[in-house]
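Comments concern the structure below.
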There are 2 protein chains.
Amino acid sequence: MKFSVTVTLKKDVLDPQGKVVSQTLRNMGIDNLNQVRQGKFFEIDLKEQDQSKAESQVKQMCEKLLVNQIIEDFKINKI
Amino acid sequence: MKFSVTVTLKKDVLDPQGKVVSQTLRNMGIDNLNQVRQGKFFEIDLKEQDQSKAESQVKQMCEKLLVNQIIEDFKINKI
């Protein structure tokens, strides 16, 4: 069973990486850019048939390792 | 208009970051893990009303800056 996990910085946290990307895009001539924010993406493949069990396991992985919940949010989707 | 861009390594490309994450998760006691693959995530906010125009702009950003198409795939979604 496969899940995707998207980790993004919370709204009020500064995102220097995203700032660099958006500045670079502007320098390349894109003039209608509001903002770019960068995050992380994980594709997690589990040997588990029970969806709710698998989902709670992925949530646990996020909370324990993948996500710093002080500054980041995460979203889990089945794929 | 906001878009999300997910950048993942192509299937046959080695993913050392993902390997480290999956090994760490196994060491933490998760024993039913098949695989973890890591990617990048961008949230791009454009001042543009025309959706198809905005989408083609985001595609261009991916091709010119955000994605190395030799080893990476990307997916664009409106959010």
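Just so it is clear, none of the values below were taken in a lab; they were calculated from the coordinates. All of these numbers come straight from a predicted model, not from anything done at the bench. Glycine also receives a Cβ, built like all others from the backbone with ideal geometry; neighbour counts cover every protein chain displayed.
Quick check on segment A:39-77: of everything there that is among the aromatic types (Phe, Trp, Tyr) and touching a helix residue (DSSP H, G or I) at 6+ places or on another chain (Cβ under 8 Å), which residue is surrounded by the fewest Cβ atoms within 10 Å (Cβ to Cβ)?
The residue in question is A:PHE74.
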**Asked** Among the listed residues B:ILE44, B:ILE71, which satisfies the condition of being within 21 Å of A:VAL36 (Cβ to Cβ) and touching a residue at least 40 places away in the same chain (Cβ under 8 Å)?
**Response** B:ILE44
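Do any strands (runs of 3 or more DSSP E) lying entirely in chain B carry at least 2 residues that are more than 11 Å from chain A (Cβ to nearest Cβ), and which ones are they?
Once the strands (runs of 3 or more DSSP E) in chain B are filtered for at least 2 residues that are more than 11 Å from chain A (Cβ to nearest Cβ), what remains is B:72-78.
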